[in-house]
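**Student:** Let me begin by handing over the structure; questions about it come next.
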Amino acid sequence: MFDRPRLGALLASITLALPALAQSSDRAVQQRRAVDIAARTYVAAADAYDQRRDARLRLPVVRTYAGLQVRADTTFVQREFLVRLDSGFARARQEAAGAFGVTTDSLLAGAQVILTQSTSSRTRFGVSTPSQSIHAEGLRSPSMAWSSSYHNAGWRTTEPIDQIKSYFIMWFEYAAGAQLPPSIAAWMGTHTHVREWDVRWREPEHFGLVMHPSGIGLACANGAITACRIAFALVPNADTIGAWFDAASRRARVVRALEMRNVRAMVLRTHAEAADRCTEIGEDAACRAVLARVGVQSPTSRVSRQHLVRLALQRGGEHAFERLRADSTDSVERAIASAAGVPVDSLLAPWREMILAGRPPSPAPNGREVFLGVALLGSLVGLTVARKP
Amino acid sequence: MNRATRYKALLYSQLKYQRIELTILSIVAGGVPALATWRALGSTSFSPMELLSLSQIVGVLGSTLAALVGCVLALRPYSLDALTNHTYAMSLPVSRTEYGLLRVGTGLLLLLMPAAGFLIGAVFASTAADIPAMLHAYPVGITMRFVLAAATAFALAFGIQYGLGKRATRWILFSLTGLGAVEIIGQLVTGVSLTSDLWTALGSEASPLRVFASNWMLFDV
């Protein structure tokens, strides 16, 4: 079957290949072992985590606030802190009631906050100082997705009550956000706001609005309420691409998007033909398809939308959040109008006022800067010329 | 010789000795906004974001120039006086206090020359550039900031130079060396910056030096 040279070559090949085969076999075994060890480690860590979690869930309930159970390691969390906790919750509840009305007391029902001891060390000037604080593992709630159910806090035993209040407010906000109808949640995310919009955070929102390439945001900032409605994507059939850009702009945007190498590669994988039809013959349907693939940034961010809803809840009064939560129309505009008890356009004007307050001021120095400059000049010159040589 | 006449005489002498510096500073001040935005002048292809970037360059150059103007107007008259061992100052029939106040008055008035140059450059850049509808131009506002920043730099430089006299250079070097040493020792020994709180305080809203770092946008939304 084999002549001698061929047999020799075969044997030599096998001999040479044997160590490599053995090595590859060893490598495969090692890889399997590594995967096995990693899996076991993961399972062990998950078991340990579950055990710790179960142990924490067995801690005694030390407070119940409107259905929210506070469990605590009573060997560490002292009565004085719980008194601060009471005050913090009372203040938070009062503020939250301004947004969520009669539903406030049911929002946290069934949720749990677990207070345990937390040890950390702070290094300053090379010296490490251990400190103990209270770890609040916040808001385990059956109504919320597991991944979003943790909003933890690290508290000192002398934590200011306002700081504790802030965490309770945050838990109210997340709990309310988790109960929003799917259409609203898809439109603005699962977060609601209890507090007024900080002017400092309005600046980037104002920037994004007026700089939107469609010009819709600028028209809104200049006072066109219809443009504000479009900027909020409150358009028929959710056709935002059609509402934000005309046909020529859609084509121009596609051409511009295709100039970016990574976007071009992404589009050509799935929409090569549409991209060609859009750029070459200007077929609008093709341009829309490409833009839908590429994505178009909205003139209004989720935060802007959340604050529009906050305005609606304020306007709607005690039962506003109840109406918003119960809405089943699948129309964002109708849901907001139903909650507010007025058409959405009535909310857009005050929202516009809020966003305009975020416009950066003129570079002319403000009163404080002028005062500080004059004070510096006066004091330095005064000290200098009054000095005896 | 009344005070107004003395002021005019001192103003005239300072203008005479610093005319070249003031002319150069005024031309540079006028050129900063115009040169920083020259690529956008008369061009419609510039995006709003590019204009905002150019505006930031105007801000950096403008605040640096304002500091330079203030320092030159405060320090140079002293160094000119020092060349003649202050015989000119001492020959005048005025007290040291009045002489100092006259120097402050002339310095603050003369810093308006570079400021006028900066205003002309900023107005030129604002009118020549094709500004998109979403942006606003602030040539007057940024010039007012330029004046305040130059006056602040003037106050600091004047206070240090006239307060410490010949020892000013020594004290400045001593302070800078001390700060550097504290920072280096802090980094080597503790691994943290021991001077960071100082810089934070100097840049805070309560600091008069913040005028150099806050809003210097010639164009903004």
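**Student:** Would you mind telling me which numbered condition in (1) surrounded by fewer than 17 Cβ atoms within 10 Å (Cβ to Cβ); (2) within 13 Å of another protein chain (Cβ to nearest Cβ) B:ASP130 fails?
**Tutor:** The failed condition is (2).
**Student:** When you check B:ALA66 against the structure, is it modelled with pLDDT of 85 or more and under 19 Å from B:ILE142 (Cα atoms), yes or no?
**Tutor:** yes
**Student:** Go through (1) facing another protein chain (nearest Cβ under 8 Å); (2) among the hydrophobic types (A, V, I, L, M, F, W, C); (3) over 19 Å from the mean Cα position of the chain (by Cα); (4) surrounded by 13 or more Cβ atoms within 10 Å (Cβ to Cβ) for B:VAL189 and report which single condition fails.
**Tutor:** Result: B:VAL189 passes all but (4).
**Student:** How do the helices (runs of 4 or more DSSP H) wholly within region B:14-119 filter down when requiring 3 or more residues that are touching a residue at least 12 places away in the same chain (Cβ under 8 Å) and out of contact with any His (no Cβ under 6 Å at 6 or more places or on another chain): which remain?
**Tutor:** Numbers: elements: B:48-83, B:87-91, B:96-110.
Answer list for region B:14-119: B:48-83, B:96-110.
**Student:** Looking only at region A:52-65, how many residues end up being under 30 Å from the mean Cα position of the chain (by Cα) and farther than 15 Å from A:GLN117 by Cβ?
**Tutor:** Of the residues in that region, 6 qualify.
Okay, residues lined up against (1) surrounded by 15 or more Cβ atoms within 10 Å (Cβ to Cβ); (2) aliphatic (A, V, I, L, M); (3) within 11 Å of another protein chain (Cβ to nearest Cβ):
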| site | (1), (2), (3) |
| --- | --- |
| A:ILE336 | yes, yes, no |
| A:VAL344 | yes, yes, no |
| A:GLY358 | yes, no, yes |
| A:PRO361 | no, no, yes |
| A:ARG368 | no, no, yes |
| A:ALA375 | no, yes, yes |
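**Student:** Follow-up question, since we're still on this one. Identify, by number, the condition in (1) modelled with pLDDT under 85; (2) crowded, with 19+ Cβ neighbours inside 10 Å; (3) of a type in the set (D, E, K, R) that B:ARG145 doesn't meet.
**Tutor:** (1)
**Student:** Could you check, for region B:142-160, whether at least one of its residues is more than 10 Å from chain A (Cβ to nearest Cβ), farther than 14 Å from B:GLY70 by Cα and either in a helix (DSSP H, G or I) or not aliphatic (A, V, I, L, M) (or both)?
**Tutor:** No: zero hits.
**Student:** Okay, moving on. Anything in region A:216-240 that is assigned to a loop (DSSP other than H, G, I, E, B) and crowded, with 20+ Cβ neighbours inside 10 Å? List them, or say none.
**Tutor:** Selection gives A:PHE232, A:LEU234.
**Student:** Follow-up question, since we're still on this one. So, in region A:377-386, of the ones that are under 12 Å from B:LEU101 (Cα atoms) and more than 7 Å from chain B (Cβ to nearest Cβ), which residue ends up farthest from the chain's Cα centre (by Cα)?
**Tutor:** The extreme case among them is A:GLY382.
**Student:** Please determine whether any residue of region B:77-95 is at pLDDT 85 or above, within 17 Å of B:LEU164 (Cα to Cα) and not hydroxyl-bearing (Ser, Thr, Tyr).
**Tutor:** The answer is yes; a qualifying residue exists.
**Student:** Please go through region B:81-114 and pick out each residue that is of a type outside the set (Gly, Ala, Ser), away from chain A (no Cβ under 14 Å) and more than 20 Å from the chain's Cα centre (by Cα).
**Tutor:** B:LEU83, B:THR84, B:THR87, B:TYR88, B:LEU92, B:PRO93
**Student:** If you don't mind, another one. May I ask you to say which residue of B:ALA125, B:ALA29 is in contact with a strand residue (DSSP E or B) (Cβ under 8 Å, 6 or more places away or on another chain) and over 22 Å from A:GLY382 (Cα atoms)?
**Tutor:** One residue alone meets the criteria, B:ALA125.
The values are calculated or read from the model by the stated rules, or taken from the named source; none is laboratory data. Quantities reported herein were computed from a predicted structural model and do not represent experimental measurements. As a convention, Cβ positions derive from the backbone with ideal geometry for all residues, glycine included, and neighbour counts pool all protein chains shown.
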